[in-house]
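To start, the structure under review is shown below, and the notes come after it.
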Amino acid sequence: DPSLWRSGHKNRINMAFKGEDQLDSLSLPVQRMHLIQVDSVQRWMEDLKLMTDCECMCILQSKPISIEKDEQNELMLSSQYSTCDNLQLLLKRAWIISTELTRIAQKLEKNRWQRVHSMTVRINCHVRSMINEYNMFTRNSSEEMHQFEKLLMDKCSEFTAFTERCLQTEDEQILKSMKSCINETLTTIAQYFGQLIELVLTHETQNLLRQIETSDSLYVTESAISSLFSLTQEGAHLCRIIAKEGGVVTLFKICRQDCFRGLYPQTLRTLASICCVEEGMHQLEKVDGILCLADILTDNSLSESTHAEAAAVIAQITSPHLTFTQHLSSFLENMEEIVTALVKLCQEASSGEVFLLASAALANITFFDTMACEILLQLNAMKILLTACSDKRLVDTPYSRDQVVTILANMSVLDQCASEIIQGNGIQLLMEMLFEKSSSGNSAEVAACERVQQKSAVTLARLSRDPEVAEAAVKLSCIPRLIKLCRSPTERNNSDSVLVACLAALRRLAVMSPDGLEDSDFQQLVKPRLVDSFLLCTNMEESFV
């Protein structure tokens, strides 16, 4: 599963890559890290609602204190919180219940009956509170949902009574026989709870999609799409529910109506999240989504932010990490105009985020068809990308450089690429990328730096079959740097993939320029089999004296 982050233009992309892959690119996030900056007292007050004293709740059974009807209270609740807020509260409560159920099972294994009972009481309270809160903001829940609510509450009450009886006996045999019954009850509660949450989320998804399809209000439609996007950030399961209920179809309808042009960026961002799951891809294929994306990317009257979000969807659906590729047949039909539009977006990008999204889409496209590399060569993309790398306003992070070097690596299989690289001063850029280091120490950034080093070495190895490229690399002192990366684990952050790539590049350059290596380097890094040199370098001990 992908990892997730969003903060400025860095947060737009999921940067969780498999380190063992020789070359991989970028996959959009299914989820993104929520960075919420709120007053600490306010945060405490929010958490307090979910951690109400269990004994009091057990007595009150979540019943309203007021003897009057609750219409006024319900009105206040619905006006104070949006649907999105209520769903977030529900999901937070559900997460607490799920965690508590797991902990009960752990305590039960250790026969800690007192803890099991107190946690059972707490589960009972949370379940009743969750159901009560949900029924206060929903207006049209189904009969099936009410049945599961009753089943769940009854089973929780039974569970609480059961564990209380366990406290009243010390007979080991009786407790042992009761333990199996408690396990069965716990399993049943978990099943009822899971089914209820599934029904609730499906119901709310249907409501949101209905609002999007039927509302005449731009504000209501925008709010519903925003709530839908928030749900996609809760994980792949929510994305599957949305796709199953026709979310992709509904959102593409928005993208085909000129009256909703102002909502295109938000709608496309939601689509990118949903399309991280196979069900979303199936829906995209059914509604000719790729053709719609191509139309958006080539429509010069649309805003740059709309084009950027369309590029984000392309980056998602072309991710090398996706195992389902049935949509790629229709993609190939529209590839030339999509690639052309993405290159133009890279060239005209006004910010690092826009460039990152466009280059990420291009990087992914180059993985599954060599025709994309040929199109890029015809469009003079090499020069555009190399020029962008010298502009710190556009390429200011390892993530952006990762996309550029991925494209260069995949294009370097073409013989015509060598002259383009030399003309654009690309060998100098690749040399600089071999020195890529993280400035923050952030794990995602460190991983991105490793990929930049690895792919720049791979690109050098591929291009150095051309004597002119090899000569330029030797003149720029690439060989000493490659040797340093091989011999010093800290220089490559102990990355085996970087080591393999550097050994391959070093061997290729050594063929072209054998005088550039000392005898010890040749004997250890070039002459042996690759696997033997690899084992030698990985076993090197560094002195910290």
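A few points about this structure:
- Any chance ALA363 is open to solvent by less than 50 Å² (accessible area, probe 1.4 Å), touching an Asp or Glu at 6+ places or on another chain (Cβ under 7 Å) and within 20 Å of LEU379 (Cβ to Cβ): no
- Matching residues, the range 479-514, being open to solvent by 60 Å² or more (accessible area, probe 1.4 Å) and either in contact with a Gly (Cβ under 9 Å, 6 or more places away or on another chain) or of a type in the set (Val, Ile, Thr) (or both): PRO480, THR490, ASP496, VAL511
- For the range 103-132, the tally of residues that are open to solvent by 30 Å² or more (accessible area, probe 1.4 Å) and either aliphatic (A, V, I, L, M) or over 17 Å from ARG165 (Cα atoms) (or both) stands at 7.
- The numbered conditions (1) acidic (Asp, Glu); (2) open to solvent by 20 Å² or more (accessible area, probe 1.4 Å); (3) under 20 Å from the mean Cα position of the chain (by Cα) are all true for GLU309 except (2).
- Selected residue [buried (at least 17 other Cβ atoms within 10 Å of the Cβ) and at pLDDT below 90] from GLU184, GLU245, GLU285: GLU285
- Any chance LEU175 is surrounded by 14 or more Cβ atoms within 10 Å (Cβ to Cβ), out of contact with any Pro (no Cβ under 6 Å at 6 or more places or on another chain) and modelled with pLDDT under 90: yes
- Test result for ARG462, at pLDDT 90 or above, open to solvent by less than 50 Å² (accessible area, probe 1.4 Å), in the same structural domain as VAL413 (by the TED database) and in a helix (DSSP H, G or I): no
- The range 187-222, residues that are open to solvent by 60 Å² or more (accessible area, probe 1.4 Å) and among the hydroxyl-bearing types (Ser, Thr, Tyr): THR187, THR214, TYR219
- Of all residues in the range 333-353, those satisfying the criterion of being open to solvent by 10 Å² or more (accessible area, probe 1.4 Å) and closer than 19 Å to ALA272 by Cα are ASN334, ALA341, LEU345, GLU353.
- Qualifying positions in the range 370-395 - crowded, with 16+ Cβ neighbours inside 10 Å and assigned to a loop (DSSP other than H, G, I, E, B): LEU379, LEU394, VAL395
- Going through (1) out of contact with any Leu (no Cβ under 9 Å at 6 or more places or on another chain); (2) buried (at least 22 other Cβ atoms within 10 Å of the Cβ) one by one, ILE290 falls short only on (1).
- Residue within the range 436-447 that is at pLDDT 90 or above and under 18 Å from ILE384 (Cβ atoms) present: no
- Any chance VAL354 is aliphatic (A, V, I, L, M), over 28 Å from SER438 (Cβ atoms) and under 25 Å from the mean Cα position of the chain (by Cα): no
- Residue that is touching a helix residue (DSSP H, G or I) at 6+ places or on another chain (Cβ under 7 Å) and buried (at least 22 other Cβ atoms within 10 Å of the Cβ), where the choices are LEU476, LEU525: LEU525
The values are calculated or read from the model by the stated rules, or taken from the named source; none is laboratory data. This one's a predicted model, so the numbers in the text were calculated from it and none came from an experiment. With ideal geometry, Cβ positions are generated from the backbone for all residues, glycine too; neighbour counts draw on all protein chains shown. Heads up: the accessible areas ignore ligands, DNA and RNA and are worked out on the full protein's heavy atoms, side chains in. Shrake-Rupley method; radii C 1.70, N 1.55, O 1.52, S 1.80 Å.
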